[in-house]
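A quick write-up on the structure given underneath.
The values are calculated or read from the model by the stated rules, or taken from the named source; none is laboratory data. Nothing here was measured: the structure is a model prediction, and the numbers come from that model. Positions of Cβ are generated from backbone atoms using ideal geometry, with glycine treated the same way; all protein chains shown enter the neighbour counts.
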There are 2 protein chains.
Amino acid sequence: MSIKLYGYWRSSASYRVRIALNLKAIAYQYVPVHLVKDGGEQHQTSYLGLNPAELVPTLVDEDEDIILNQSLAIIEYLDEKYSSGIKLLPEHKLQRARVRALAQDIAADIQPLANLRVLQHLEAQYKVDAEGKAVWSRHWIEKGFGAIEKRLQNTAGKYCFGFDLSLADVCLVPQIYNAVRFGVDMDAFPLIKRIHENCNKLPEFVAALPENQPDAQ
Amino acid sequence: MSIKLYGYWRSSASYRVRIALNLKAIAYQYVPVHLVKDGGEQHQTSYLGLNPAELVPTLVDEDEDIILNQSLAIIEYLDEKYSSGIKLLPEHKLQRARVRALAQDIAADIQPLANLRVLQHLEAQYKVDAEGKAVWSRHWIEKGFGAIEKRLQNTAGKYCFGFDLSLADVCLVPQIYNAVRFGVDMDAFPLIKRIHENCNKLPEFVAALPENQPDAQ
């Protein structure tokens, strides 16, 4: 097995890569990096050599001698290298651009604002408590989902873009997992909710669920 | 001219797209969207039809009848469609993956944390003042630049990846503009500083500078 994924069960960026690996039918070794225990294993010297940003996920492909961070870059790399499974980026350049934009609506404009390090910083800097952190997270998720719900009115079928799974679904599903965790009312986003249900009927999505990882608590 | 860019002079995501358009030698019409005046033109109905996320930039390509958001998706689209100017994504898949990852280190892990809407929200929610907002911004920029500086030790030449410009430089330069604005000491990041100086010797970067836009104040 040439592929190793360093991740954390509840990290939504790790969750994206797990879904993608499953949809591409790529076997991989999962190496848990505990983001909380002992102050966070992502800050330890042994991990910094792999990823100086002290974030997960990191993918190592021993075949190619490449160490890669950033979930979207990882997924596009896997999609370009492996013809197995589902093509996650469409062949047509306009469609590919739209898929990338929706994926980035999540990966750049929602997820980074409500991830662990930001919530820890809000607590340390401004004494924001658990409920305050949930309010902060919901604010950005609901703002982002509001815009995505409108975009999906023009593109959605069974999935974000018609009836083919894509990188957009791979990003959307983990963000919904986070949304539910922070108490977002998903009934406000009926298209997103329906796509979520459709995706989670597929074994590739189920196997990638946080609670189905060996490091789940 | 089939390309219209809706942007704001000081938005670093808009700045990225301006650099890319210049490096690709693509003529375009620039349509300013004032992010502050009258509560922000990005929130007005006339703009929401183009971009329900109420963010800039948005690119309209009338040739293809496409309206596209997300600066990285826009730039990859332009790079795939137009063979003119410089190729911003390398041909080799490993190199392309590395370029995308560094671009996303900026576009997902730095910029979204210190942009206008987040700073406005910190002020509204936690009464963070101007100096507090600068402290917050510097925190995320310095953290991100620290990791990028380490990565560049393995990849940098004149630019982020050897001697060819790429999407990584297109993202890095606007982030440095922001860093300087918030008072980050760039001497702590000598490789980033050198790449910045090299890029800003090129007319394509100079023409894209915030202060050289018609809506600059």
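Determine, yes or no, whether residue B:108 is buried (at least 17 other Cβ atoms within 10 Å of the Cβ) and of a type outside the set (D, E, K, R).
Yes, satisfied.
I'm trying to understand the selection: among the residues of region A:33-46, which are away from every other protein chain (no Cβ under 12 Å) and surrounded by fewer than 22 Cβ atoms within 10 Å (Cβ to Cβ)?
Result: A:34, A:36, A:37, A:38, A:39, A:40, A:41, A:44, A:45, A:46.
Identify, please: which residue in region B:55-78 is out of contact with any Phe, Trp or Tyr (no Cβ under 7 Å at 6 or more places or on another chain) and under 16 Å from residue B:8 (Cα atoms) and is, among those, farthest from the other protein chains (Cβ to nearest Cβ)?
Result: B:60.
Out of curiosity, is residue B:75 β-branched (Val, Ile, Thr), closer than 22 Å to residue A:106 by Cβ, assigned to a helix (DSSP H, G or I) and outside the structural domain of residue B:16 (by TED's automatic domain parsing)? Outline the logic, then answer.
Working: β-branched (Val, Ile, Thr): yes; closer than 22 Å to residue A:106 by Cβ: yes; assigned to a helix (DSSP H, G or I): yes; outside the structural domain of residue B:16 (by TED's automatic domain parsing): no.
No.
Which of the numbered conditions does residue B:117 fail, given that it passes all the others? Conditions: (1) within 12 Å of chain A (Cβ to nearest Cβ); (2) modelled with pLDDT of 95 or more; (3) farther than 21 Å from residue A:72 by Cα.
Checking residue B:117 against (1) within 12 Å of chain A (Cβ to nearest Cβ); (2) modelled with pLDDT of 95 or more; (3) farther than 21 Å from residue A:72 by Cα, the one that fails is (2).
What number of residues within region B:79-109 satisfy the criterion of being in contact (Cβ under 8 Å) with a residue 60 or more places away in the chain and at the interface with chain A (Cβ under 9 Å from one of its Cβ atoms)?
Final tally of qualifying residues: 6.
Take residues that are over 19 Å from the mean Cα position of the chain (by Cα) and among the acidic types (Asp, Glu) and tell me which of the helices (runs of 4 or more DSSP H) falling wholly in region A:105-217 contain 1 or more. Give the derivation first.
Values: elements: A:116-126, A:130-155, A:167-181, A:190-199, A:203-206.
Ranges flagged: A:116-126, A:130-155.
It is to be established whether one or more residues within region B:34-42 are in a helix (DSSP H, G or I) and farther than 28 Å from residue B:141 by Cα.
yes
Cβ-Cβ under 8 Å, sequence separation 6+ or interchain: first residue in region A:113-140 and crowded, with 16+ Cβ neighbours inside 10 Å, partner basic (Lys, Arg). Which pairs?
As it stands, the answer is A:119/A:133; A:122/A:133, since those pairs meet every condition given.
Looking only at residues in region B:48-72 that are outside any loop (DSSP other than H, G, I, E, B) and touching a Ser or Thr at 6+ places or on another chain (Cβ under 8 Å), which one is farthest from residue A:154 (Cα to Cα)?
B:71
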